[in-house]
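The values are calculated or read from the model by the stated rules, or taken from the named source; none is laboratory data. A quick note: this is a predicted structure, and the numbers were derived from the prediction, not measured. Cβ atoms come from the backbone with ideal geometry, glycine included; neighbour counts cover every protein chain shown. Note: accessible area is taken over every heavy atom of the protein model, side chains too, but ligands, DNA and RNA are not part of it. Shrake-Rupley method; radii C 1.70, N 1.55, O 1.52, S 1.80 Å.
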Amino acid sequence: MSEQDLELLEGTVSAVIFQNEENGYTILRLDIRGEEVTVVGPMAGVAPGEYLSIRGRWTRHPTYGPQLKAEVVERRLPQGLKEIFHYLSSGAVKGVGKTTARLIIEEFGEDALTVIEEDPEQLTKIKGITKKRARQIGDVFHQQMGTRRLMEFLGEHQLPLELAALLRRAYGDVALEVIKANPYLLAGEEFEVEFSQADRLALSLGVGPEDPLRLEAGLLFELAHNLNNGHTFLPRRKLVEATGILLEAPGPMLEDSLTALIRRGEAECEQVAGQEAVYLPALYDAETFIARRITEMSQAELLPPEGLDKLIGRIEREQHISYAPQQRHAVELAAGRQVMLLTGGPGTGKTTCLRGVLALFEMMGLDTALAAPTGRAAKRLGELCNTDASTIHRLLETGFDPHSGKLVFTKNSYAPLKAEAVIVDETSMVDVPLMAALLDALEGDCRLVLVGDPDQLPSVGPGALFADLIRSGVVPTVRLTEIFRQAAQSAIIRNAHLINQGQVPDLRRNEGDFFCLARRDPEAVLDTIVDLCRRRLPERLGIPSDQIQVLSPTRRRGTGTKALNQVLQAALNPPLESKGERRFGDWVFRAGDRVMQVRNNYDILWREEGGADAGMGMFNGDIGVIRSIEKEVITVDFDGKVVEYAPDMLGELEPAFAVTVHKAQGSEYRAVILAALEGAPFLMTRGVLYTAVTRARELFILVGDPAAAARMVNNNRQTRRYSGLRARLTET
C-alpha cells in the first residue's frame with residue numbers, strides 16, 4: 001500500500017493510554033474536531049496536547065473496535081495557550097506538573113516552549129524553580145525535541161517509526177546526526193533495516209555510488225547476510241563479486257575497500273581450507289577459539305575411575321540393560337576423555353548410551369549439566385534422563401552489558417559454569433557462536449559430551465559444527481550403527497534409515513506406525529490433514545489433536561505452513577464470542593491457538609504457572625498455547641511458563657498448528673503429519689524428509705504425492721557452507 005493509499009487523520013492527542021518506553025509503541029486517543037479515535041503504532045515520546053498528522057490504515061480490534069494503525073506520523077508542537085497548557089500539565093515534561101505549567105504559561109504565554117528549549121534558565125523567574133531544576137526541565141524537553149526530529153526524519157524517508165526508540169537508546173541525543181553521517185548503520189543487526197532501504201537513504205543524503213563508505217558497507221552487509229545462509233566466511237573473490245552485483249560497483253574499488261576494512265580490523269582475512277577466507281571478526285574469533293579449545297580437550301586424557309568394569313555392570317543392572325559393544329565403548333570413552341562425540345541414527349541406542357554416561361558421571365561424583373539447543377529438545381532430554389535439563393542459552397544465563405547496550409551471556413571464562421561435566425543433545429542444531437560461548441564458560445577440566453545425528457538438517461545459524469567435528473577425525477567419536485531388534489520393528493525407524501541411505505521406502509505398504517495417504521491436489525491435502533487432526537486420529541487412535549504436529553517443507557504455496565495454519569485454526573479452534581482475538585498482520589490470534597516463539601528474546605519475562613518462580617528469556621522454537629487475550633495483552637503458556645505479550649511484541653509469535661520441518665528440529669511428537677506435495681528444490685530434499693520422519697515417536701503419516709516423496713529421497717542436495725572449522729582442527 002503506497003502512502004497515497006493510507007488514511008490521513010489530523011488532530012490533537014487527548015490521552016495516551018499506553019506507551020512502551022523501550023520501543024515507542026503507543027496507544028492514544030486523537031481528538032479530531034471533537035470526535036475521538038484510537039491510534040496505535042510506534043510514536044515514541046508523544047504526549048497529550050500535541051498536534052499530529054497521521055497516515056495509516058484502519059484495523060478492527062475485536063474488543064475495542066476500529067483503530068488506525070499509524071505508518072507515517074508528523075508532529076507539530078502545541079500551539080495556543082490551551083494546547084500548550086494541556087501538553088505541559090500532562091506530565092510529558094518531567095518536572096512540570098499542572099501548577100508549574102500554569103505558572104509557566106502565565107509568565108511566558110505562547111513563548112513558553114521556546115523558552116524551555118532555547119533558554120531554560122529563564123524559568124528561574126518562577127518561584128520555586130531553581131537553576132538546577134530549570135536545567136533539568138530544559139534537558140528533558142531538549143531530548144523530546146530530539147526524538148521528535150528523529151521521528152520526522154524517519155517518516156520523511158519512509159523508515160519504520162519504531163526505529164526512533166532503538167536509535168535513541170543506542171546513540172542518545174546525537175542519534176539523528178549519527179545516522180545522517182552513516183545511514184548504513186541502520187542495516188546492522190540491531191536495527192534490521194533492509195540494506196536497500198539504507199542504501200537509498202544514503203544516496204538521497206549525498207553519498208556517492210562509489211563512495212568508500214558505501215562500498216565498505218556493502219561488503220560488510222554481504223558478510224553478515226551470508227551468516228543466514230550458514231556461512232562463517234566467504235571466499236574473497238565471491239565476496240567482491242557478490243558485492244559488485246549488489247552495488248553495481250567496480251571490482252578494483254571494492255578490493256581497495258576490503259583491504260581498508262581488513263587493515264582497520266573490521267574484517268579478517270586468512271588462508272583456510274584452500275580459500276582466501278574473509279570473516280566478520282566475531283565469527284573469526286568464535287571459529288578459531290572452538291578449534292583451539294576442542295583440540296586441547298581432545299588431546300587431554302583423564303584417569304578413568306577405579307573399577308570401571310564394575311561400575312558399568314552396576315549401571316546395566318540398575319537400568320535393566322545389557323550394552324552392545326559400541327554402546328559399552330561409548331560409556332568407557334566418556335570415563336577417560338575430556339570431550340567425546342556420540343552419534344547415530346534412530347533406533348541405534350543413543351539415549352541408552354546417554355543415560356549410561358550420565359549415570360557413570362554421577363557415580364564418579366561429577367556435577368553434571370544437561371542441555372539442548374531448544375526448549376522442547378531440553379524438555380525431552382530431561383524426560384529421557386529423568387532429571388533436569390535446560391537450553392544452552394538458559395545454562396549460560398543472560399545479562400545486560402552496559403557498554404554495548406546488549407544482552408550477553410553472564411557465564412564465561414571470568415564467571416564459569418560450576419558444572420564438572422556437560423552433556424549436550426541435538427548438537428547438529430548448535431551453531432558456531434553458541435558453541436564458542438559454551439566452551440568459553442567451561443572450567444579448564446570440565447568434561448563435554450556432544451550427542452547428535454549429523455544427517456539431520458544443519459543449524460539455522462552459521463557453521464556446520466557437529467558435522468565438522470565428526471569429519472575432522474580429531475575428536476574421540478563413537479558412531480552407533482546397529483539397529484536394535486525392538487527398534488527395527490518400527491516402520492518409522494526402518495524407513496528413516498532407508499531414506500538416509502538414498503532408498504525410497506515402499507509407500508504403498510501402510511502398516512504399523514508409517515502411512516502414506518496419496519493426494520495430488522493441494523486442496524485434497526489440506527482437507528485430509530484437517531480430517532486426520534480433527535477426527536480420525538483422536539477418534540480411532542486416541543491421539544488428541546494437541547499431540548499431533550503437522551509439518552511442511554515450505555511456508556508458502558498451497559500446502560505450506562501458512563495455508564495449513566489457516567485451515568487448522570478454523571477446524572481446531574474456531575471463533576467463539578467467549579474467546580478473545582487479536583489481529584496482527586495476516587493472522588488472527590485467538591485464545592486456544594498453538595503458537596511458536598520465532599526469535600530469541602533474552603529479556604522477556606516469564607512466570608511459573610501456579611508458582612512463585614519467574615525468569616527471563618524465551619527462545620526460537622518454543623511452542624505454547626494462548627490462554628487469554630485481554631486488554632491488548634496476549635497471555636501464552638509455554639509448558640508451565642506463562643508469558644504476557646504486549647501488542648508491539650506480536651511479531652515474535654507465529655501460529656504453530658503447522659510448522660516447517662526446520663522449525664521442528666530438536667523436537668519429538670507423538671504423531672507427525674507431513675504435507676509433501678510441492679516446494680522449491682532446495683527444500684524438497686532427503687535431509688528434510690529424514691528430519692521430518694525422525695520427529696515422530698508413535699505415528700508418521702505422509703499426505704501428498706508419493707512421487708514428490710521419492711524426489712525428496714533422490715535429492716541429496718546439501719547447500720555448501722563455507723566453514724573453516726574442520727580445516728583448523730586438522731591443521732592444528
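Just for the chain, what percent of DSSP beta bridges are antiparallel, to the closest 5? In the chain, DSSP labels about 65 percent of beta bridges as antiparallel.
Less than 9 Å Cβ to Cβ from Pro42, Lys/Arg counted +1 and Asp/Glu -1: what total charge do the surrounding residues give? Don't skip to the end; give the middle numbers.
Values: positive: none; negative: Glu162, Asp648.
Net charge in that neighbourhood comes out at -2.
Go through Val588, Ile321, Thr427 and say which Cα lies farthest out towards the positive end of the charge dipole of the chain; charges sit on Cβ, +1 for Lys and Arg, -1 for Asp and Glu. The Cα lying farthest towards the positive end belongs to Ile321. The order of the peptides 451-464, 664-677 by mean Cβ neighbours within 10 Å, most packed first, is 664-677, 451-464. So what is the relative contact order for segment 74-167, in percent, with contacts set as C-alpha pairs under 8 Å and at least six apart? Here the relative contact order equals 23 percent. For q values of 0.09, 0.16, 0.19 Å⁻¹, compute log₁₀ I(q)/I(0) with the Debye formula on a Cα-only model of segment 584-721, without solvent. So the normalised log intensities work out to -0.35, -0.90, -1.09.
What percentage of the solvent-accessible surface of segment 271-392, computed with a 1.4 Å probe over protein heavy atoms, is contributed by carbon and sulfur atoms?
Working: 2470 of 5260 Å².
With neighbouring chains kept in place, the figure for segment 271-392 is 47 percent.
Given 10 Å bins starting at zero, what is the percent of C-alpha pairs of segment 177-284 in each, up to the one with the largest pair distance? Here the calculated profile for segment 177-284 is 15, 49, 31, 5, 0.
Between helix 236-247 and the chain there is an angle of about 40 degrees, using the helix long axis and the longest principal axis of the Cα atoms.
Taking the Cα centre of segment 312-468 as origin, sum charge times position over the Cβ atoms of Lys and Arg (+1) and Asp and Glu (-1), and report the length of that vector in debye to the nearest 20.
Working: 14 positive and 19 negative charges, 52 e Å.
That gives segment 312-468 a dipole magnitude of about 260 debye.
Would you kindly calculate the mean projected area, averaged across all directions, of the convex hull enclosing the Cα atoms of segment 518-676, in square nanometres? Intermediate results must be reported in sequence, preceding the final value.
On the way: hull surface 40.2 nm².
It is 10.1 nm².
Placing unit charges on the Cβ atoms of the charged side chains and taking the dipole of the chain about its Cα centre, the candidate lying farthest along the positive direction among Gln489, Asn500, Ala437 is Gln489.
Computed per residue of the chain from DSSP H runs no shorter than four, each worth -39500 (n - 2.57), the mean residue ellipticity at 222 nm is -11000 deg cm²/dmol. Shape analysis of segment 156-198 based on the Cα gyration tensor places the equivalent ellipsoid semi-axes at 15, 11, 10 Å, largest first.
Using only Cα atoms, tell me the angle between helix 325-336 and the longest principal axis of the chain; keep it within 0 to 90° and round to the nearest 10. It works out to around 60 degrees.
What size of dipole, in debye to the nearest 20, comes out for segment 415-458 about its Cα centre when the only charges are +1 on Lys and Arg C-beta atoms and -1 on Asp and Glu C-beta atoms?
On the way: 2 positive and 9 negative charges, 31 e Å.
Value, rounded to 20: 140 debye.
About its Cα centre, the dipole of the chain is roughly 1760 debye, where the only charges are +1 on Lys and Arg Cβ and -1 on Asp and Glu Cβ.
Pairs of alpha-carbon atoms within less than 8 angstrom and 6+ residues apart define the contacts here; what relative contact order does the chain have, in percent?
Relative contact order, the chain: 10 percent.
Seen from all directions on average, segment 563-648 presents a Cα convex hull projection of 6.1 nm². Enclosing the Cα atoms of segment 505-597 in their convex hull gives a volume equal to 131 cubic angstrom per residue.
Based on the Kirkwood radius over alpha-carbon pairs, what is the Stokes-Einstein translational diffusion coefficient of segment 656-732 at 4 °C with 1.567 mPa s viscosity, in µm²/s?
This corresponds to a translational diffusion coefficient of 92 µm²/s.
Averaged over its residues, the chain has an accessible area of 45 Å² per residue, based on protein heavy atoms and a 1.4 Å probe.
The share of C-alpha pairs in segment 60-123 whose separation exceeds 17 Å stands at 49 percent. Within the shell defined by Cβ-Cβ distances under 14 Å, the residues around Leu384 carry a net charge of +1, with Lys and Arg each +1 and Asp and Glu each -1. Taking the C-alpha atoms only, the angle from helix 350-363 to the longest principal axis of the chain is near 80 degrees.
Neighbours of Leu201, meaning other residues whose beta-carbon lies under 12 angstrom from its beta-carbon, give a summed charge of 0 when Lys and Arg score +1 and Asp and Glu score -1.
Among the listed options (1) 195; (2) 164; (3) 241, the one matching volume of the Cα convex hull per residue in Å³ as calculated from these coordinates is (1).
One compactness figure for segment 314-363 is 1.06, namely its Cα radius of gyration divided by 2.2 N^0.38 Å.
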